[in-house]
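Chemist: Here's a structure for you.
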Amino acid sequence: MLKTIPIEELEKGMFVDSIASQQGNMKITSRGRVTQDQQIIKLKNQGIMALIIDLSKQLPVESPDQESPYESTVKPPAEISFEQEIVIAATLHTKGKAIQKRMFDSVVKGLPLDLAIPEEFTGNLVSSIDRNPNALLCMTKIREKDSYLLEHSLNVAILLANFANHVELNEDEVQELALSGFLHDIGKIKIPDTILHKPGKLTDQEMNIMRDHVYFGVKVLKELGLPESMVRTIGEHHERLDGYGYPEGARGDEISLFGRMIAIVDTYDAITAERCYKPGMPSQKALQIILQDSPDKYDLELVKKFIKCIGVYPVGSLVRLNNEKIAMIVKQHPVHSTKPLVKVFYSVRGNHYLKPIELDLSKSNQIKIEKAVVASEYRLDFNKYFSESIAI
C-alpha cells in the first residue's frame, strides 16, 4: 500500500517508492529502503519535500531495549494473484513501448532525454515483479512483428529484473539492471532502417555499421550523465567471454557481472522474438543455443541460473499437451519443472479456440506437455486472443 508523507516523517526502515514533491529544477528519483540517517539528510539537502512510501515493504522499528536486531523476522509482501497483476502488467507493457518510442524520437531529433521518466517507469516494473513476477514475464511473450525495437529493450528490462531477483541482488542493483536493460539498445535508432530491418544476413560492411549502435548508445547515455556502472553494463551487452564480441573485444574477467547477465538476457529475447522476416524460436530452443555456446561465449554458471530463473517452460510461453490442446504457461512448479500451471485455450483437433481453463499439470497423471511451440506454427493470433480472453 502506497502512502504520501512529508520528508520530516521519513524514518529508517521505510521503503521509498518515489518522490512526491521537491524544490528546485533538479530531477531526482529514489526507490529503495532507508537504512541510514545519512540517507534522510541527503534527501532533505536535495530539496525533497514529500515522498511516496510502500507500507507493505516497511521494516518494523526496533525498540531500544532489543537485545539483538536479528531476532525478529520480516515477512515479505504478500504476492497478489496473476489475474490481478496481469491487468497492471499489460498497462505497464503498453506504457513502456510508448516511453521507448518517445525516447527514440528524441534521439533522432537531437532533443534532450529526461532520464527520470524511464527511471520511474522501471521502478514500477520492479514493483510489479515484486507483487507477482509471472504477470510481466507473461507480457514478454506478446510480440508485434513491427515493434521489435520497442519491445526488445522492454523485455530485456523485465527479464533482467527477474534474473537479478533470482540471484539475490539487492534492491538498488535490481533497479539498476532493469534500467540498463530498458536503455541498452537506444543507439539502434542511429542505424539506417535498411540495415536495422534487413530481412536476411548482413554483409560485413553492414555488420560493422550495426555494431556502431553500442557506440552511439554509450555516447548518448554518457552525455546524459547516466551512472558509469550502467554505461559499462550497456556497453558490454554484445561482449563475449572468448573475446569475439564487440565493441571492445573484452575477454573473461574483463567483462563485469552485469555485462555477463545482460548478454545472456539480450540474446535469449532476440532469439525468441517474432520479427518481420522470421518467427520467434520456442524458449526451449533459445536456452539450448545459449547453453551450447557456454562457457565459450556466455558465463555457464549464470546461464544455468537464468534457466532455473525462467524455467524449462517460461511463463507466457506456449506448449502442446498430449491431449492435442495448446496451453500457455501461467506459473512454474517449485519442484517439478515439467509440470507447471497452464491455461488451456486452443484445440488442435477441433481447430478452434476454447474458453481458457487453468490446469495444474502436477495434479494430473494423464495430461503432460508434449513439446514447446510458437503461435505461428498453428496460425494463432495469440496477441489478440490474449488481450481479449486472458488479460482481463
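Chemist: Of all the Cα-Cα pairs you can form in the stretch 161-247, what percent are over 20 Å apart?
Modeler: Working: 1628 of 3741 pairs.
So the pairs more than 20 Å apart make up 44 percent of the total in the stretch 161-247.
Chemist: Taking amide H atoms as placed 1.01 Å from N in the peptide plane, list the residues 5 or more away in sequence, or in a different chain, whose amide H sits under 5 Å from that of M49.
Modeler: Correct list: S21, Q22, Q23.
Chemist: Can you list the trypsin sites (Lys or Arg not before Pro) in the stretch 313-392 that are in a DSSP coil and have 13 or fewer other beta carbons within 10 angstrom?
Modeler: R349, K368, R379
Chemist: Applying the Karplus parametrisation 6.51 cos²θ - 1.76 cosθ + 1.60 with θ = phi - 60° to the phi angles of the stretch 186-191, what ³J(HN,Hα) value in whole Hz is obtained for each residue in order, glycine and proline being reported as x?
Modeler: Those phi angles translate into 4, x, 5, 5, 8, 8 Hz.
Chemist: Give the shape of the chain as rounded, prolate or oblate, defined through the alpha-carbon gyration tensor: a ≥ b ≥ c are the square roots of its eigenvalues, a/c under 1.5 means rounded, and otherwise the shape is prolate if a/b is larger than b/c and oblate if not.
Modeler: It is oblate, given that a/c is not under 1.5 and a/b is not larger than b/c.
Chemist: Related question: Projecting each Cα onto the charge dipole of the chain (Lys/Arg +1, Asp/Glu -1 at the beta carbon, about the Cα centre), which of G316, V220, P199 comes out farthest on the positive side?
Modeler: P199
Chemist: So for the stretch 105-155, taking the charge dipole from beta-carbon charges (+1 Lys/Arg, -1 Asp/Glu), which of V108, F121, P133 sits furthest toward the positive end?
Modeler: After comparing all options, I get P133.
Chemist: To the nearest 20 Debye, how big is the dipole of the stretch 178-251 about its Cα centre, given +1 on the beta carbon of each Lys and Arg and -1 on that of each Asp and Glu? Mind showing how you got there, number by number?
Modeler: Working: 10 positive and 11 negative charges, 14 e Å.
With only Lys, Arg, Asp and Glu charged at Cβ, the dipole is about 60 debye.
Chemist: Still on this structure, please answer the following. Please get the size of the charge dipole for the stretch 80-137, origin at its Cα centre, with Cβ charges of +1 on Lys and Arg and -1 on Asp and Glu, quoted in debye to the nearest 20.
Modeler: So the dipole magnitude of the stretch 80-137 works out to roughly 280 debye.
Chemist: Where in the chain lies the longest segment free of GluC sites (Glu not before Pro) that are both loop residues by DSSP (not H, G, I, E, B) and have at most 15 other Cβ atoms within 10 Å?
Modeler: 169-247
Chemist: Given Cα pairs under 8 Å that are at least 6 residues apart, what percent is the relative contact order of the chain?
Modeler: Once normalised by length, the contact order is 11 percent.
Chemist: So, with +1 on the Cβ of K and R and -1 on the Cβ of D and E, and no other charges, what is the size of the charge dipole of the chain about its Cα centre, to the nearest 20 debye?
Modeler: Details: 48 positive and 53 negative charges, 345 e Å.
In total the dipole reaches around 1660 debye.
Chemist: For a test of the definition: using alpha carbon positions, the gyration tensor, and the 1.5 limit on a/c, classify the stretch 109-178 as rounded, prolate or oblate.
Modeler: oblate
Chemist: Could you list the trypsin sites (Lys or Arg not before Pro) in the stretch 151-248 that lie in coil according to DSSP, counting only those with at most 13 other Cβ atoms within 10 Å of their Cβ?
Modeler: Passing sites in the stretch 151-248 are K201.
Chemist: Sticking with this one: Kindly write out, for the stretch 258-272 in residue order, the coupling ³J(HN,Hα) from the Karplus curve 6.51 cos²θ - 1.76 cosθ + 1.60 (θ = phi - 60°), rounded to whole Hz, with x marking Gly and Pro.
Modeler: For the stretch 258-272, the Karplus-derived couplings read 5, x, 5, 5, 5, 4, 5, 5, 4, 5, 4, 5, 5, 5, 7 Hz, x marking Gly and Pro.
Chemist: Still on this structure: Just subtract the alpha-carbon distance of M207 and R349 from 0.36 nm times their residue separation and send over the number in nm, one decimal. Numbers along the way, then the final one.
Modeler: Details: separation 142, 0.36 × 142 = 51.12 nm, distance 4.44 nm.
Contour length minus Cα-Cα distance gives 46.7 nm.
Chemist: Using the Karplus curve 6.51 cos²θ - 1.76 cosθ + 1.60 with θ = phi - 60°, work out ³J(HN,Hα) for each residue of the stretch 149-162 in order, rounded to whole Hz, and write x for Gly and Pro.
Modeler: Each residue of the stretch 149-162 in turn: 4, 6, 6, 4, 5, 4, 5, 4, 4, 5, 5, 5, 4, 5 Hz.
Chemist: Would you mind pulling out the separation of the Cα centroids of the stretch 119-192 and the stretch 315-354, in Å?
Modeler: One Cα centre to the other: 25 Å.
Chemist: Give the lysines whose C-alpha is closer than 25 Å to that of K44, dropping any in the same chain fewer than 8 places away, or say none.
Modeler: Answer for K44, where 25 Å is the Cα cut-off: K3, K12, K27, K57, listed by chain and number.
Chemist: Take the cross-link list K97/K278; K278/K304; K141/K297; K190/K285 and give me the ones stretching past 29 Å between alpha-carbons.
Modeler: Too far apart for the 29 Å limit: K190/K285.
Chemist: To one decimal place, what Kirkwood hydrodynamic radius in Å is obtained for the stretch 142-191 from all pairs of distinct Cα atoms?
Modeler: Result for the stretch 142-191 stands at 11.4 Å.
Chemist: State in Å² the accessible area per residue of the chain; use a 1.4 Å probe, count heavy atoms of protein chains only, and round to the nearest integer.
Modeler: 51 Å²
The values are calculated or read from the model by the stated rules, or taken from the named source; none is laboratory data. Computed from a predicted model, the values in this text were never measured in an experiment. Here Cβ is always computed from backbone atoms with ideal geometry, including for glycine, and neighbour counts include all displayed protein chains. Remember, those area values only see protein heavy atoms, side chains included, never the ligands or the DNA or RNA. Shrake-Rupley method; radii C 1.70, N 1.55, O 1.52, S 1.80 Å.
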